[in-house]
Amino acid sequence: MKSLTKSIRSKLVARDANVQVTVPVASVLRDVRSAFFGLCVNAGKAVLGAMMEAERSALCGPKGVPDAERAAYRGGHTRSWVTLGGRRIAIARPRARAVQAGELALPTFTWAAEDDALNAVTMAAMAAQVSTRRYQSTLDPLPPTQLQCAVSKSAVSRRFVALSAEQLRVWLSRRIEVAMPVVMIDGIYFQERVVLVALGFDTQGNKHVLGLREGSTEKTQVVRALLSDLIDRGLDADAARLWVVDGAKALRRAITETFGAHAFVQRCQEHKRRNVLDHLPEELHAGVSRTLRDAWDTRDAALARRQLERLANSLAKNHPGAAASVREGLLETLTLIELGIDCALYRTFRTTNPIENLNGLIAHYTRNVKRWRDGEMLLRWVGTALHEAGRGFRAVRGYRDMKRLTSALDQRVHSRFDSRSKVA
């Protein structure tokens, strides 16, 4: 078999690659709607057929010339399918059969029949919110004489399901091999289901979608399962890390239980502001918002704390709900200030806006889905949306100060353990 392969390769290399192709231009151009694309299809099929015939001649020798030492013989033609323009089209494939090894593959046909181009067009169509029902209408029309397949609603749907499932499996099993000093977690709701998304930021300020977890609500068990999966895949549980969350108690509890003294939680200031304003009449919104911003814009954590406590005291009598909201998690809204982080990096991580923007992209990507059959379908779509969004990720504002943040986190962890050892 090896000697047969070597002889085939030598003949393929030695063959004359120049082929002449005759294309029925006049008949193709009669159909104005598909004139240009039809011309390309006919020319492409003619070139492909000529190349395959040249390869068969290299294997079998010239047609009609007896050769006792030939490695293979001709086997006529059979209908086969190749990928072109987001679909499969029919061609007449020449066959070559070896005396002992059976039918031989023609390199040109193997290349033309690959699924990579078809898969890429399918995923690009889904990313552009093209429904499976409308997929065929987005493709250039073929001349009436050409046969095509793989463009029906069911075919496109099956292809997308298989591609997205494999993509999600590979994506969620990959190792986390770089340090992630900052992680954001947020949930995006789909009817009665929620998908938790963990977005990490490395020491260079680059974004990485670390993991997904589907559940009915943002329960502590769901968050803990997500965190355990991140640790199993390489997230260092003993590294000091900033966790930016929206204030959900389940998130806060699961992070503290899993990472302990190594976790520093920064509550989203924008979510806190909205929560406070929800307890107040509209005429107080502007003044309270200004007071909150003034406190969070200061670089002195002790001063900011006093300003927030003064605000809570002023609201306590007439609006006790707003006062309680200000006091709840008050210190966690000041974590970055206590770490000495300011300027652009502070503005980046003081809120969950980076992951909120990502959730917006997911919602836009999945807007054509009318019914979620199960959690697997939901994860496939969300994973595909995140994969597409990841192509446009850029370093966050203030990324040059990430080393300063990492150093501040390490120092705080050491001081926490030192203070505990002294107490013990």
Scan segment 259-289 residue by residue and report those that are under 14 Å from Gly247 (Cβ atoms), more than 34 Å from the chain's Cα centre (by Cα) and not in a helix (DSSP H, G or I).
Asp278
I need every pair where a residue in segment 51-78 that is among the hydroxyl-bearing types (Ser, Thr, Tyr) has its Cβ under 6 Å from the Cβ of a residue that is assigned to a helix (DSSP H, G or I), sequence separation at least 6 or different chains.
Tyr73/Cys60
State whether the residues of segment 276-285 include one that is surrounded by fewer than 19 Cβ atoms within 10 Å (Cβ to Cβ) and closer than 28 Å to Leu405 by Cβ.
no
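Please work out if Lys403 is more than 15 Å from Ala165 (Cβ to Cβ), modelled with pLDDT of 90 or more and surrounded by fewer than 17 Cβ atoms within 10 Å (Cβ to Cβ). Step through it out loud before you land on a result.
Working: more than 15 Å from Ala165 (Cβ to Cβ): yes; modelled with pLDDT of 90 or more: yes; surrounded by fewer than 17 Cβ atoms within 10 Å (Cβ to Cβ): yes.
For Lys403, the condition - more than 15 Å from Ala165 (Cβ to Cβ), modelled with pLDDT of 90 or more and surrounded by fewer than 17 Cβ atoms within 10 Å (Cβ to Cβ) - is met.
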Which members of segment 366-394 meet the condition of being out of contact with any Ser or Thr (no Cβ under 7 Å at 6 or more places or on another chain) and aromatic (Phe, Trp, Tyr)?
Trp372, Phe393
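Within segment 326-345, can you find the residues that are within 29 Å of Ala316 (Cβ to Cβ) and in a helix (DSSP H, G or I)? Even if it seems obvious, please write down each step before you answer.
Filtering segment 326-345 for residues within 29 Å of Ala316 (Cβ to Cβ) gives 326-338.
Val326, Arg327, Leu331, Glu332, Thr333, Leu334, Thr335, Leu336, Ile337, Glu338, listed by residue number.
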Residues that are among the β-branched types (Val, Ile, Thr), surrounded by fewer than 16 Cβ atoms within 10 Å (Cβ to Cβ) and under 25 Å from the mean Cα position of the chain (by Cα): does segment 139-159 have at least one?
no
Taking Arg241 as the residue in question, decide whether it is crowded, with 16+ Cβ neighbours inside 10 Å, under 25 Å from Ser415 (Cβ atoms) and at pLDDT 90 or above.
yes
Could you list, in sequence order, the residues of segment 342-364 that are surrounded by 17 or more Cβ atoms within 10 Å (Cβ to Cβ) and free of Cβ contacts under 8 Å to residues at least 24 places away in the same chain?
none
Check whether at least one residue in segment 337-358 is over 30 Å from Ala408 (Cα atoms), in contact with a strand residue (DSSP E or B) (Cβ under 8 Å, 6 or more places away or on another chain) and not acidic (Asp, Glu), and report yes or no.
no
Given the conditions (1) surrounded by 17 or more Cβ atoms within 10 Å (Cβ to Cβ); (2) modelled with pLDDT under 95; (3) part of a helix (DSSP H, G or I), and given that Gly247 satisfies all but one, which numbered condition is not satisfied?
(3)
So Leu292 clears everything in (1) in a helix (DSSP H, G or I); (2) surrounded by fewer than 19 Cβ atoms within 10 Å (Cβ to Cβ) except one condition, right? Which one?
(2)
Contact list, first residue from segment 228-247 and among the acidic types (Asp, Glu), second anywhere and in a strand (DSSP E or B), beta-carbon distance below 7 Å, six or more apart or interchain, is Asp229/Gly211; Asp246/Asp186
Residue in segment 365-396 that is surrounded by the fewest Cβ atoms within 10 Å (Cβ to Cβ), counting only those that are outside any helix (DSSP H, G or I) and in contact with a Leu (Cβ under 8 Å, 6 or more places away or on another chain)
Trp372
State all residues of segment 298-323 that are touching a residue at least 40 places away in the same chain (Cβ under 8 Å) and either aromatic (Phe, Trp, Tyr) or assigned to a helix (DSSP H, G or I) (or both); if no residue qualifies, say none.
Gly321, Ala322
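The values are calculated or read from the model by the stated rules, or taken from the named source; none is laboratory data. None of the values given here were measured: they were computed from a predicted structure. Here the Cβ is made from the backbone with ideal geometry for all residues, glycine too, and neighbour counts use every protein chain on show.
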